[in-house]
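Take a look at the structure below.
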Amino acid sequence: MLQALADGILTGSIIALGAIGLTLTMGILRFANFAHAELITWGAYMALGALAITGTFAGPISPFSFGLPLVFATLIAVVLTAALALLIDHLVFRPLRSHTSHMTVVFASFGVSLLVRMVILLIFGGSAAYYSNELQIAIRVMPGLRVMPDHVFTLGLTLAIVVALHLFLQKTRLGLSMRALAENPDLVRINGIDTRVVVRWTWVIGAALAAVSGVLYGLTVQLRPEIGFQLLLPLFAAAILGGVGNVFGAVIGGLIVGLAESLSVLFVPAGYKMAVPFFILLAVLYVRPNGIFGALRGGAK
Amino acid sequence: MSGYLAYLVFFLIVALTYSIVVMGLNLQWGYTGLFNAGVVGFFAIGAYGTAILTGPDRPELIGGFALPFPAGVVGGMILAALAALLVGLATLRLREEYLAISTFGIAISIQLIGLNFDALTGGAQGLTGIPRPLFSTFGTPGAYNLFYLCLVGTITAIVFAGLQVALQSPWGRLLKAIREDETAAASLGKNPALVRLQAFVLGSTLMGLAGGLYVGFIGYVSPLDFLPLLTFQIWAMLIVGGSGNNRGAIVGAVGVWALWTMSGFAISRLLPVHYQSQGGAIQVIIIGLLIVLTLLFRPRGLIGEAQSVSRHAR
């Protein structure tokens, strides 16, 4: 039970990081991006690729299974993931945003997600990969609860990122423009803010968080080309549960989804775990379609 | 019958079965603007429903009611309709994306049930030995396949004709009106959410029908036949053929399925042996590119939607 709670919080924090990016793009760019979860896979694998270069310089820092190389690899992955997000936006989403029905963009993101996943499969192959072969010994915190140092690191990093993002959205001019664009796009334009710049930064921030979440997933679970596909439903469930466009909501939503997934194993066979986010989603849509904290705008019509 | 011809018959049976799914999706997306991201789920419900209802009785399974084939197919269609109702009622009053996300979710849940609920679905092994309708009447497999092609062809024609009638009726015009301008339609006293729900459930029922026909032809169900990839393939068929036009839906189904089969054939011939495992990925990338490029450069597809103008305005 205790172990399931701890595992749930860990999964939840990884889902939360991905869901923040998704909720920002859903709130600001106003479409459900099915390709967002693939940015997580992309980030995780780009870090793996970068690690092949950076990994030769230094070893792991105890008690973690990784060291400075993975930190640098993550930074490279963040840049490459942001680049991919901007490229996709430039090539596909922007041309479609202007001239067709809004759902065409959603559908195109569906096609893009497939393309990204298959390109990763093509480059890295389909088998599971790991950042490190070091075995890590779990520390017994109390009876019935063992924790890996990497897991503690994951939680701490997630917390730090959420606080930093909150400060960014509240205190900086760019953060203010982003919130404003989610609230009322026309008013933002009237105020002479270049929305293209804001949109671009939204992609960069969403992609960066996705990359970090991918690396953390790879660190604590494993790397597989299906990471994104399997995270897509939890991400949407978390974003909608927390209210679209609401960053803190996405974090809480992510934790709830992660906990529910991990606690579900106590009641139903583990094979059905992936369906849990779907039932959370259905329940939210039936009972409280704007999410527990209320969406910024445009939940119920 | 020569090998080529036999293969052509086999190919057409599968392609026409898919074309019924594409017409169901066309009703949802092409005419009503509803994004179904879990097409494969409704197809699978129809297939599993038919298999469970018509399959032989076996002690270790819940199903196996040995019903006649038509009853099984209708049962599968009803199950698909119920699943569509569950998702539709939750989402069709809300933002359009929510339907897309929920359909994606239901497809995954169906896949999990197919894989894990051994007592009902046979788990990873699937259900085998599902009786094929009128199989004993025909002497050879070749003759039987020809019969089945006629059967699927006839049903495809009926679905096509039925949809044409429905779409040219006032109800069909209402679908387009709601897709184009919901507020205007609502101001005329129409109920957009209800009409959308009708189109969504009807489309999903057609997907269930196709699933039943598929099972009747191959005689077994396995979770491997209902991978999420099928959703992409069906979408590619609709987008390439031209959404909003049922002739386009059929042309797209046959065309894209031909492209898929031939690319698979070419890859297995041309690619060096140790790259073969990546061959599937290349096939999928072709489909993905087809979707995105068609959307960007030929958004109306091969045969796009015909403009409908009132005869008084012409």
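The values are calculated or read from the model by the stated rules, or taken from the named source; none is laboratory data. All values reported here derive from a predicted model rather than from experimental measurement. Cβ: placed from backbone, ideal geometry, glycine included. Neighbour counts: every protein chain shown.
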Kindly indicate the residue of the range B:69-87 that is buried (at least 24 other Cβ atoms within 10 Å of the Cβ) and under 19 Å from B:Ile178 (Cβ atoms) and also farthest from the other protein chains (Cβ to nearest Cβ) among those meeting that condition.
B:Ala84
Could you check B:Asn116 against (1) more than 18 Å from B:Val39 (Cβ to Cβ); (2) free of Cβ contacts under 8 Å to residues at least 40 places away in the same chain; (3) surrounded by fewer than 17 Cβ atoms within 10 Å (Cβ to Cβ); (4) within 14 Å of chain A (Cβ to nearest Cβ) and say which number it fails?
(3)
Does A:Ser109 satisfy the condition of being more than 23 Å from the chain's Cα centre (by Cα), part of a helix (DSSP H, G or I) and within 14 Å of another protein chain (Cβ to nearest Cβ)?
no
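Quick grid of which residues meet (1) at pLDDT below 85; (2) more than 26 Å from B:Val254 (Cα to Cα); (3) more than 23 Å from the chain's Cα centre (by Cα):
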| residue | (1), (2), (3) |
| --- | --- |
| B:Leu89 | no, yes, no |
| B:Leu99 | no, yes, no |
| B:Ser109 | no, yes, no |
| B:Gly114 | no, yes, no |
| B:Leu120 | no, yes, no |
| B:Leu146 | no, no, no |
| B:Gln164 | no, no, no |
| B:Leu174 | no, yes, yes |
How many residues does the range B:101-156 hold that are under 23 Å from B:Arg58 (Cβ atoms), assigned to a helix (DSSP H, G or I) and not aliphatic (A, V, I, L, M)?
9
Looking at A:Leu233, A:Leu157 in this structure, which one is within 14 Å of chain B (Cβ to nearest Cβ) and at pLDDT 90 or above?
A:Leu233
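Can you pull out the helices (runs of 4 or more DSSP H) entirely within the range A:185-290 that have at least 2 residues that are of a type in the set (A, V, I, L, M, F, W, C) and farther than 29 Å from A:Leu169 by Cβ?
Values: elements: A:185-190, A:195-220, A:227-242, A:247-264, A:276-287.
Helices (runs of 4 or more DSSP H) meeting the threshold: A:276-287.
This table checks each residue for (1) part of a helix (DSSP H, G or I); (2) within 14 Å of chain B (Cβ to nearest Cβ).
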| residue | (1), (2) |
| --- | --- |
| A:Ser13 | yes, no |
| A:Phe34 | no, yes |
| A:Ser65 | no, no |
| A:Leu80 | yes, no |
| A:Leu86 | yes, no |
Working only within the range A:210-237, note down all residues that are in contact (Cβ under 8 Å) with a residue 12 or more places away in the chain and surrounded by fewer than 24 Cβ atoms within 10 Å (Cβ to Cβ).
A:Thr220, A:Gln222, A:Leu223, A:Arg224, A:Glu226, A:Phe229, A:Gln230
Hey, B:Tyr98 under 21 Å from B:Val73 (Cα atoms) and part of a helix (DSSP H, G or I) or not
no
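One line per residue, one yes/no per condition, for (1) closer than 20 Å to A:Glu38 by Cβ; (2) of a type outside the set (S, T, N, Q); (3) surrounded by fewer than 19 Cβ atoms within 10 Å (Cβ to Cβ):
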position: A:Leu96; (1), (2), (3): yes, yes, no
position: A:Val147; (1), (2), (3): no, yes, yes
position: A:Thr158; (1), (2), (3): no, no, no
position: A:Asp194; (1), (2), (3): no, yes, yes
Go through B:Leu149, B:Leu163, B:Leu99, B:Leu167 for me and flag whichever is within 14 Å of chain A (Cβ to nearest Cβ) and out of contact with any strand residue (DSSP E or B) (no Cβ under 7 Å at 6 or more places or on another chain).
B:Leu99
Any idea how many residues of the range A:284-301 are modelled with pLDDT of 80 or more, over 13 Å from A:Ile256 (Cα atoms) and more than 7 Å from chain B (Cβ to nearest Cβ)?
3
State whether the residues of the range A:118-139 include one that is closer than 29 Å to B:Leu295 by Cα and either away from every other protein chain (no Cβ under 14 Å) or in contact with a Gly (Cβ under 7 Å, 6 or more places away or on another chain) (or both).
yes
Residue pairs, Cβ under 6 Å, 6 or more apart or interchain, first in the range A:189-201 and farther than 20 Å from A:Asp89 by Cα, second among the hydrophobic types (A, V, I, L, M, F, W, C) and crowded, with 16+ Cβ neighbours inside 10 Å. List them.
none
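Filter the range B:243-266 down to residues that are away from chain A (no Cβ under 14 Å) and either closer than 18 Å to B:Trp29 by Cα or at pLDDT below 90 (or both), then give me how many there are.
Going residue by residue through the range B:243-266, those that are away from chain A (no Cβ under 14 Å) are B:245-255, B:257-259, B:261-262, B:264-266.
Next, from what is left, pick out any that are either closer than 18 Å to B:Trp29 by Cα or at pLDDT below 90 (or both): B:245-253, B:264-266.
Summing the residues that are away from chain A (no Cβ under 14 Å) and either closer than 18 Å to B:Trp29 by Cα or at pLDDT below 90 (or both) in the range B:243-266 gives 12.
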